[in-house]
Every structure is written in structure tokens, then in C-alpha cells.
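Q: The structure under discussion is supplied below as C-alpha cells; questions concerning it will follow.
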Amino acid sequence: MLTKLGQENAKTILRKHVVLENYFMKTKSTIDPHIAANVIEHYISMEVINNLKKMSTLRKKGVPLTRFEHNKEGLIVEINFSDYKLFERVVSMGLFPGEKIMVISEVFHRMILKVREKKFALDKSIAERIKALEYGKS
């Protein structure tokens, strides 16, 4: 038996899961949609879920982070990895579809990114597989 709060939390996670699973089915990602949804559903906010619902037609308009204009706020519209462990690692850093992001600069073979209040470096080979769209244009 779940408490009332437990039931509400379970419903929220289920809603997130369904939206995520549908998103990954539509993207024809190489990651199994059910597994991808299981990984992400506990990390993301309802704001991100709402962004995902609005993004169904925007995926094709995104550009890889390696070509994204620096110091402009963007919205991640696609992540495409076939390696489940790499996908999970990227998600644990706060990078997932529907999340706001900013490319700060490039250093050697790394992209310096800002997600929420965190800054970190991401290898360009990984950044190439993440697409974003300028936030104002989404």
C-alpha cells in the first residue's frame, strides 16, 4: 500500500516515463525507448517533460553541440547514443532532451557547457551526438 504522497509520486513518475518512452520511440534512437525512459524519469523535472511534449517537430532543426553558437541558451532536442552506459552517464550530468543548455567555449577537444548552475567539459565526440536548438527559436 502506498500513502497518498506515494501514489502522487508514482503517478508523476509514470507520466514522465510515458512521455519519455514516446519521445525515444519517435526519435528512432538506438537506445531501447523503455530503458532510456527508465534511466531518465527520476532525474528530470516536469518543466523538462513539458518541453519534451512541445518538441516533437523540433528534433530535425537542432544542430550538434559542436556547431552550436557559444553563449546562447539552447534546448537539447536530441541525444543519440547506442552505448547504454554512456547514455546513462550523460543523463546523470543533467544532459537530456528538453533541458536548457549553454555552450560556453571550446578547449582542445572539449566543449565547456553550462546546464542549470553546473559547468563541465564534454568531449567533442560526445557533444557531436547531442543536438540543441536556440532557446528563443523553440
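The values are calculated or read from the model by the stated rules, or taken from the named source; none is laboratory data. Computed from a predicted structure; not experimentally measured. Positions of Cβ are backbone-derived with ideal geometry, glycine not excepted, and every protein chain shown enters the neighbour counts.
Q: Would the range 76-85 turn up any residue that is among the basic types (K, R) and surrounded by 14 or more Cβ atoms within 10 Å (Cβ to Cβ)? Give the steps one after another, and end with the answer.
A: Just the residues of the range 76-85 that are among the basic types (K, R), to begin with: 85.
In the following step, the residues that additionally are surrounded by 14 or more Cβ atoms within 10 Å (Cβ to Cβ) were identified as none.
The answer is no; no qualifying residue exists.
Q: Take the residues in the range 1-25 that are modelled with pLDDT of 85 or more and among the hydroxyl-bearing types (S, T, Y), then tell me which one is surrounded by the most Cβ atoms within 10 Å (Cβ to Cβ).
A: The selected residue is T12.
Q: Continuing with the same structure: Output the number of residues of the range 108-119 satisfying the condition of being at pLDDT 90 or above and farther than 22 Å from M46 by Cα.
A: Adding up the residues that qualify gives 6.
Q: Moving on. Considering every residue within the range 105-112, establish whether at least one is crowded, with 20+ Cβ neighbours inside 10 Å and more than 24 Å from D32 (Cα to Cα).
A: Step one: filter the range 105-112 for residues crowded, with 20+ Cβ neighbours inside 10 Å, giving 111.
Checking which are more than 24 Å from D32 (Cα to Cα) leaves us with 111.
Yes, the conditions are met somewhere in the range 105-112.
Q: Sticking with this structure for a sec: Pairs under 9 Å by beta carbon, first residue at positive phi in the range 1-23, partner surrounded by 11 or more Cβ atoms within 10 Å (Cβ to Cβ), six or more apart or different chains?
A: That search, which allows pairs on different chains as well, returns nothing.
Q: Let me ask something additional. Select from the range 74-98 the residues that are touching a Lys or Arg at 6+ places or on another chain (Cβ under 6 Å) and either of a type in the set (D, E, K, R) or at pLDDT 90 or above (or both) and list them in ascending order.
A: Across the range 74-98, the qualifying residue is only E78.
Q: Sort through K28, K54 and tell me the only one that's at pLDDT below 85, on the phi > 0 side of the Ramachandran plot and either aliphatic (A, V, I, L, M) or surrounded by fewer than 14 Cβ atoms within 10 Å (Cβ to Cβ) (or both).
A: K28
Q: Specify which of the listed residues (E99, E117, E134) is touching a helix residue (DSSP H, G or I) at 6+ places or on another chain (Cβ under 8 Å) and either surrounded by 15 or more Cβ atoms within 10 Å (Cβ to Cβ) or farther than 22 Å from L20 by Cβ (or both).
A: On the way: E117 fails: touching a helix residue (DSSP H, G or I) at 6+ places or on another chain (Cβ under 8 Å); E134 fails: touching a helix residue (DSSP H, G or I) at 6+ places or on another chain (Cβ under 8 Å).
Residue meeting the stated conditions: E99.
Q: Only one of I126, I101 is of a type in the set (V, I, T), in a helix (DSSP H, G or I) and either under 30 Å from A10 (Cα atoms) or modelled with pLDDT of 80 or more (or both). Can you tell me which? Even if it seems obvious, please write down each step before you answer.
A: On the way: I101 fails: in a helix (DSSP H, G or I).
The unique qualifying residue is I126.
Q: For the range 35-51, name all the residues that are surrounded by 13 or more Cβ atoms within 10 Å (Cβ to Cβ) and either assigned to a helix (DSSP H, G or I) or touching a Lys or Arg at 6+ places or on another chain (Cβ under 7 Å) (or both).
A: I35, A36, A37, N38, V39, I40, E41, I44, V48, I49, N51
Q: For the range 12-27, what are the residues that are among the hydroxyl-bearing types (S, T, Y) and within 17 Å of I79 (Cα to Cα)?
A: Y23, T27
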